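The values are calculated or read from the model by the stated rules, or taken from the named source; none is laboratory data. Please read all numbers here as calculations on a predicted model, not as lab measurements. Here the Cβ positions follow ideal geometry from the backbone for every residue, glycine too, while neighbour counts run over all protein chains shown. Heads up: the accessible areas ignore ligands, DNA and RNA and are worked out on the full protein's heavy atoms, side chains in. Shrake-Rupley method; radii C 1.70, N 1.55, O 1.52, S 1.80 Å.
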Amino acid sequence: MYTLRGGFIDEFRDFDAACFGISPREMVHMDPQQRLMLELAWEVLEDAGIAQNSLAGTATGVFFGFGAMEYALTQLRYPKLIDAYTNTGYFPCIISNRVSYFFDLRGPSLSLDTACSSSLVAVHLACESLRKGESNLALAGGVSLMVDPVTTVAFCKLSALSPNGRCKTFDAEADGYVRGEGAGIVLLKRLEDAQTDGDRIYAVILGEAVNQDGKSNGLTAPNRLSQEAVLQQAYRHAGCVPGEVQYVEAHGTGTFLGDPIELTALGNVFRQGRPINRPLLVGSLKTNIGHLEAAAGIAGLIKLAKCIEQDQIPPHLHFDTRNPHIPFDSLQVQVATELQAWPEHTGPLCAGISSFGFGGTNAHVVLEEAPAAPLPAPVAGPQLLVLSAKTRVALETMTDQLAAFLRDHPATALADVALTLQTGRRAFEHRLFLTAADTAEAAKLLRRRTRDRVFTAPLGQAAPTATDDALTPLRHRSLPGA
């Protein structure tokens, strides 16, 4: 191992097992990748304003990509640790199956490994499931954690990693990638269903494609012709002309062999019919957070969706000198090295993302901006804010977080906050509620927990009044020990 650098998640071992109905003994055997995906599945549903219990029994699919099962390596070295929870703790299928089990989802549930393209292939399979009607909603994503050095040692033996921990994609000094940890999930729905339901839409997937390198210079060596083929297939499926695409989130590992092949393939496909004065902009999230391997594709997809939503492209880092083996000008490709507005375009805002597995499985997804939706009419008058949690400590934390959010985002419509809190979250035992006329008042009341305005009560108790002795402000109740 010639490098100790990487992009690491802080405290990924922390996990509220009781919240998910998991015993401490079982939790010890659970791969942290399972724990992380449970938490993210909860968060993505909250972001969508969907109460978790409302999906029970529905045709909701779960499609997750995964990589090295390093946590299993640390346990299976010690046979005496094996018990009834070992198999469900490390078998890859359980990464997706446990999420389906906890939320009682009845659609397809699968975990897949195509190395670095795993999570983008998972998105492709989720889209196919939605098109066929076997799923009406789909959770798609990927996860990758480093808990044992064996994989890093092996990639060092392959000379795939950057010695200084910098992913210098497309640069003349590119010398490998830096391993990163991470996970991500997106919630997918058929466009017409999302519009009917009034959902917030970050971006629209127009089409996608997956193929395989086949024979190349080596098992882990990329194949330019196969990369060009998957691009062409994806844009035929999307009904887009590649020359009209404005930006591509590249796979971009920063390897001396891979970078020239990838950009040559992009240029060969995207320069057809492209105006000379509008080069294809490219970038790679790997220069920011490292290569998340099985989760790299979903990380790039989330970045791209946010870029489209914000109408901006963030800078691609560590690009100082052009790689001399890449003919940028003749390929009509330009690296986005600074924060910039989305480039001018005659048609719809359109972009793509590539993800290539080191075993040869390639994926590309085409995104377009969400259709314009009419803004709802503002709702005047006092609003009821309802918070609930499984424990009082969690309720205290949630209250502080909401107070900080409202303080930092005073333009937020309080009616929107109230609706999401009332309908987008499952009601738990410990509750807090108040009424407020506007965002500033709500933030103030949540911070101060004013006795006659902010109430707490267990689930199912009758509506309170300011004189109810049993309903005291949150700040006057003692919290249990940690």
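Tabulated data for the structure shown
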quantity	calculated
Residues that are farther than 22 Å from Cys307 by Cα and without any contact (Cβ under 8 Å) to a residue 40 or more places away in the chain, drawn from the stretch 234-254	Arg236
Number of the condition not met by Thr88 [criteria: (1) open to solvent by 40 Å² or more (accessible area, probe 1.4 Å); (2) under 24 Å from Glu128 (Cβ atoms); (3) more than 20 Å from the chain's Cα centre (by Cα)]	(2)
Which numbered condition Gly133 misses (of (1) of a type in the set (Gly, Ala, Ser); (2) open to solvent by less than 20 Å² (accessible area, probe 1.4 Å); (3) free of Cβ contacts under 8 Å to residues at least 12 places away in the same chain)	(2)
Any hit, the stretch 344-362, residues being more than 22 Å from the chain's Cα centre (by Cα) and among the charged types (D, E, K, R)	yes
Candidate set from the stretch 91-112 (those that are among the charged types (D, E, K, R) and open to solvent by 40 Å² or more (accessible area, probe 1.4 Å)); member that is nearest to Ala51 (Cα to Cα)	Asp104
Residues being open to solvent by less than 10 Å² (accessible area, probe 1.4 Å), under 28 Å from His318 (Cα atoms) and assigned to a strand (DSSP E or B) - total across the stretch 136-178	6
Top-ranked residue of the stretch 264-298 - restricted to ones that are more than 21 Å from His316 (Cα to Cα) and of a type in the set (Val, Ile, Thr), ranked as modelled with the highest pLDDT	Val269
The stretch 202-222, residues that are assigned to a loop (DSSP other than H, G, I, E, B) and hydrophobic (A, V, I, L, M, F, W, C)	Ala203, Leu219, Ala221
Filter result for Arg190 (touching a helix residue (DSSP H, G or I) at 6+ places or on another chain (Cβ under 6 Å) and among the basic types (Lys, Arg))	yes
Tally of residues being open to solvent by 20 Å² or more (accessible area, probe 1.4 Å) and either basic (Lys, Arg) or on the phi > 0 side of the Ramachandran plot (or both) across the stretch 179-207	4
Single residue of Ile302, Ile353, Ile313, Ile298 found to be under 27 Å from Gly141 (Cα atoms), of a type in the set (Val, Ile, Thr) and in contact with a Cys (Cβ under 8 Å, 6 or more places away or on another chain)	Ile313
Test: residue in the stretch 291-313 that is surrounded by fewer than 21 Cβ atoms within 10 Å (Cβ to Cβ) and within 23 Å of Asn164 (Cβ to Cβ)	no
Tally of residues being in contact (Cβ under 8 Å) with a residue 24 or more places away in the chain and of a type outside the set (Gly, Ala, Ser) across the stretch 5-15	5
Candidates Ala115, Ala48, filtered to the one that is hydrophobic (A, V, I, L, M, F, W, C), under 20 Å from the mean Cα position of the chain (by Cα) and open to solvent by 30 Å² or more (accessible area, probe 1.4 Å)	Ala48
Residue list for the stretch 21-34, restricted to those being within 22 Å of Ala427 (Cα to Cα) and buried (at least 16 other Cβ atoms within 10 Å of the Cβ)	Ile22
In the stretch 317-340, residue nearest to Gly180 (Cα to Cα) [restricted to those that are part of a loop (DSSP other than H, G, I, E, B) and open to solvent by less than 20 Å² (accessible area, probe 1.4 Å)]	Ala336
Thr169 of a type in the set (Val, Ile, Thr), farther than 29 Å from Pro324 by Cβ and touching a Ser or Thr at 6+ places or on another chain (Cβ under 9 Å)	no
Meets criteria (part of a loop (DSSP other than H, G, I, E, B) and closer than 30 Å to Gln310 by Cβ) for Asp199	yes
Any hit, the stretch 80-94, residues being at pLDDT below 95 and among the small types (Gly, Ala, Ser)	yes
Residue within the stretch 74-91 that is under 29 Å from Gly352 (Cα atoms) and either in contact with a Leu (Cβ under 8 Å, 6 or more places away or on another chain) or of a type in the set (Ser, Thr, Tyr) (or both) present	no
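Rundown of residues vs (1) open to solvent by less than 70 Å² (accessible area, probe 1.4 Å); (2) touching a Leu at 6+ places or on another chain (Cβ under 7 Å), yes/no style:
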residue	(1), (2)
Ser216	yes, no
Leu225	no, no
Ala229	yes, no
Tyr235	yes, no
Cys240	yes, yes
Thr253	yes, no
